[in-house]
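**Q** Sharing a structure with you now.
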Number of protein chains: 2
Amino acid sequence: MAHVVVMYKTPKDPAAFDKHYLEVHVPLAKKLPGLRKFEISQGPVATPAGPSGFHLVATLYFDSLAAIKAGFGSAEGKAAAADVQKFATGGVDMILFDTHEV
Amino acid sequence: MAHVVVMYKTPKDPAAFDKHYLEVHVPLAKKLPGLRKFEISQGPVATPAGPSGFHLVATLYFDSLAAIKAGFGSAEGKAAAADVQKFATGGVDMILFDTHEV
């Protein structure tokens, strides 16, 4: 399995972010070829010391890092990436990696 | 479900990090009360633009944010947290949040 972790920093207008994210971005992202599961954070994103500065974290699951790269390189991937610019007004950090259970 | 995402920045001695992580830290972390699943990254942690600066990412799954807080507040949680200081020489970012599938 491989993960994409997308960490959205607190946007200028959190209510507008949430509306766009749920109504527009999630449907676009769910079209990514190879996407196996898509989870989003619910409620605050914390650190052990307190607030994280992140408004929302999405975890996208694929079979492998190669599948992630293929999915993001597709037309659907490019459409989802272009959409991020429209609502992620606080910026976004994204990491991707293969995983295994220990 | 709830996630803890632990992002270890590149340490001073990656080989020593890996040895300590796998031989000492994973067995300690697996004792966390309430831990449902424990996954670690395999190979490089990337961003869409290139290397991330993270050496390893661990994802720990619990039933809820409350279960994470209880797990980390336990004696086992304190032992695992104390161990982090021994090998995470590059620093570590940790975020925790409830999730739901979309």
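Rule-based calculations on the coordinates, nothing more; no lab input. Predicted, not measured: the structure shown is a model, and the values here were computed from it. Because the Cβ atoms are built from the backbone with ideal geometry, glycine has one as well, and the counts that use them run over all protein chains shown.
**Q** Looking at the structure I just gave you, is A:Asp83 in contact with a helix residue (DSSP H, G or I) (Cβ under 8 Å, 6 or more places away or on another chain), under 20 Å from B:Pro48 (Cβ atoms) and surrounded by fewer than 19 Cβ atoms within 10 Å (Cβ to Cβ)?
**A** Working: in contact with a helix residue (DSSP H, G or I) (Cβ under 8 Å, 6 or more places away or on another chain): yes; under 20 Å from B:Pro48 (Cβ atoms): yes; surrounded by fewer than 19 Cβ atoms within 10 Å (Cβ to Cβ): yes.
When the stated conditions are applied, A:Asp83 passes them.
**Q** Could you check the stretch A:77-86 and list, in sequence order, the residues that are touching a residue at least 40 places away in the same chain (Cβ under 8 Å) and within 12 Å of chain B (Cβ to nearest Cβ)?
**A** A:Gly77, A:Ala80, A:Val84 - these are the residues of the stretch A:77-86 that are touching a residue at least 40 places away in the same chain (Cβ under 8 Å) and within 12 Å of chain B (Cβ to nearest Cβ).
**Q** Go through the stretch B:1-41 and give me each residue that's facing chain A (nearest Cβ under 9 Å), among the basic types (Lys, Arg) and in contact (Cβ under 8 Å) with a residue 24 or more places away in the chain.
**A** Of everything in the stretch B:1-41, just one residue is facing chain A (nearest Cβ under 9 Å), among the basic types (Lys, Arg) and in contact (Cβ under 8 Å) with a residue 24 or more places away in the chain, namely B:Lys37.
**Q** Scan the stretch A:10-40 for residues that are assigned to a strand (DSSP E or B) and exposed (fewer than 13 other Cβ atoms within 10 Å of the Cβ) and report the count. Break it down stepwise before answering.
**A** Initial filter on the stretch A:10-40 (assigned to a strand (DSSP E or B)): A:37-40.
Checking which are exposed (fewer than 13 other Cβ atoms within 10 Å of the Cβ) leaves us with A:37.
So the count comes out to 1.
**Q** Identify the residue in the stretch B:43-61 that is over 13 Å from the mean Cα position of the chain (by Cα) and part of a strand (DSSP E or B) and, among all such residues, is surrounded by the fewest Cβ atoms within 10 Å (Cβ to Cβ).
**A** B:Gly50
**Q** So B:Ser64 passes all but one of these: (1) more than 11 Å from chain A (Cβ to nearest Cβ); (2) over 23 Å from A:Ile95 (Cβ atoms); (3) surrounded by fewer than 16 Cβ atoms within 10 Å (Cβ to Cβ). Which condition number does it fail?
**A** Here B:Ser64 clears every test but (1).
**Q** Next question, about the same structure. Which residues, taken from the stretch B:87-102, are crowded, with 19+ Cβ neighbours inside 10 Å, in contact with a helix residue (DSSP H, G or I) (Cβ under 6 Å, 6 or more places away or on another chain) and either in a strand (DSSP E or B) or facing chain A (nearest Cβ under 7 Å) (or both)?
**A** B:Leu96, B:Asp98
**Q** Which of the residues that make up the stretch A:1-47 are within 24 Å of B:Val4 (Cα to Cα) and of a type in the set (Gly, Ala, Ser)?
**A** A:Ala2, A:Ala29, A:Ser41, A:Gly43, A:Ala46
**Q** Here is a follow-up. The conditions are (1) free of Cβ contacts under 8 Å to residues at least 12 places away in the same chain; (2) on the phi < 0 side of the Ramachandran plot; (3) not hydrophobic (A, V, I, L, M, F, W, C), and B:Ser74 fails exactly one of them. Which is it?
**A** With respect to (1) free of Cβ contacts under 8 Å to residues at least 12 places away in the same chain; (2) on the phi < 0 side of the Ramachandran plot; (3) not hydrophobic (A, V, I, L, M, F, W, C), B:Ser74 is out only on (1).
**Q** Being in contact with a helix residue (DSSP H, G or I) (Cβ under 8 Å, 6 or more places away or on another chain) and more than 9 Å from chain B (Cβ to nearest Cβ) is the filter here, so list the residues in the stretch A:42-57 that pass it. Walk me through how you get there before you give the answer.
**A** The initial filter retains those residues of the stretch A:42-57 that are in contact with a helix residue (DSSP H, G or I) (Cβ under 8 Å, 6 or more places away or on another chain), namely A:43, A:46, A:48, A:55-56.
The one that is in contact with a helix residue (DSSP H, G or I) (Cβ under 8 Å, 6 or more places away or on another chain) and more than 9 Å from chain B (Cβ to nearest Cβ): A:His55.
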